[in-house]
Every structure is written in C-alpha cells, then in structure tokens.
Amino acid sequence: SIENENLIIKCGFFTYKPIAIKSIKKITRTKSIISSPAPSFDRLEIAYGKFDSIIISPKDKAAFTRDLVNLNPNIINNVRE
C-alpha cells in the first residue's frame, strides 16, 4: 500500500521497513526464486536507495506501477501492461 509517500509492504503477519517512493529507481518484472514477501512467481523487483531491492507481488501490477510512477516520475518502469 501507499501511505504518506511511502511504500508499505506486508505479507501475512510480517511488515517490512517502509520505502520512500522518492528513493525508488526502477521496477522490473522478475521470476526469481529468491525468498521474498511475494507469494507467487510472477513478481516485481523494486530497486531503491543506493543498492537495495525487494521482490513483491501486488494484485494489480499495472495499477501499482502506474501509481508509483505518478508519485515519482523518475522511476524507470520496465513493467509492460
């Protein structure tokens, strides 16, 4: 979810550190099997900060990426609808 210009990531009972949307650099599709808060294999990798990234699986990937790019037009969006 998006709250106060931060991306809030939750998976079950786990909540991850909020990510400032202004720090997000790139969003890319991935099928990586790396352990992550994404319950499926159709995932998005979000690169943020200097060297950080997280893999997630939002319900509506197109709307999710559109919303983030609207808040931070500097994000490189490699997700095709």
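The values are calculated or read from the model by the stated rules, or taken from the named source; none is laboratory data. It should be emphasised that the depicted structure is a prediction, and the values quoted were computed from it without experimental measurement. Here the Cβ positions follow ideal geometry from the backbone for every residue, glycine too, while neighbour counts run over all protein chains shown. With ligands, DNA and RNA removed, areas are computed over all heavy atoms of the protein, side chains included. Shrake-Rupley method; radii C 1.70, N 1.55, O 1.52, S 1.80 Å.
With R₀ set to 22 Å, the beta-carbon distance separating Ala20 from Asn77 gives a calculated FRET efficiency near 0.80. Of all DSSP beta bridges in the chain, what percent run antiparallel (nearest 5)? Of all bridge pairs located within the chain, approximately 90 percent are antiparallel.
Given +1 at the Cβ of Lys and Arg, -1 at the Cβ of Asp and Glu and no other charges, the dipole of the chain around its Cα centre is 200 debye to the nearest 20. Solvent-accessible surface of the chain, taken per residue with a 1.4 Å probe and all protein chains present: 68 Å².
Taking each DSSP H run with n ≥ 4 as -39500 (n - 2.57) and averaging over every residue of the chain yields -4000 deg cm²/dmol at 222 nm. With the highest mean first, a sort of the peptides 59-70, 19-30, 1-12 on other beta-carbon atoms found within 10 angstrom per residue produces 19-30, 59-70, 1-12.
The computed Rg/Rh (Cα atoms, Kirkwood Rh) for the structure shown corresponds, within (i) 0.91; (ii) 0.94; (iii) 1.02, to (i).
Taking the protein heavy atoms of the chain in the context of the full set of protein chains, the accessible area attributed to carbon and sulfur is 55 percent at 1.4 Å. Farthest towards the positive end of the charge dipole of the chain, among the residues Ser32, Gly12, Ser57, is the Cα of Ser32, using unit charges on the Cβ of Lys, Arg, Asp and Glu.
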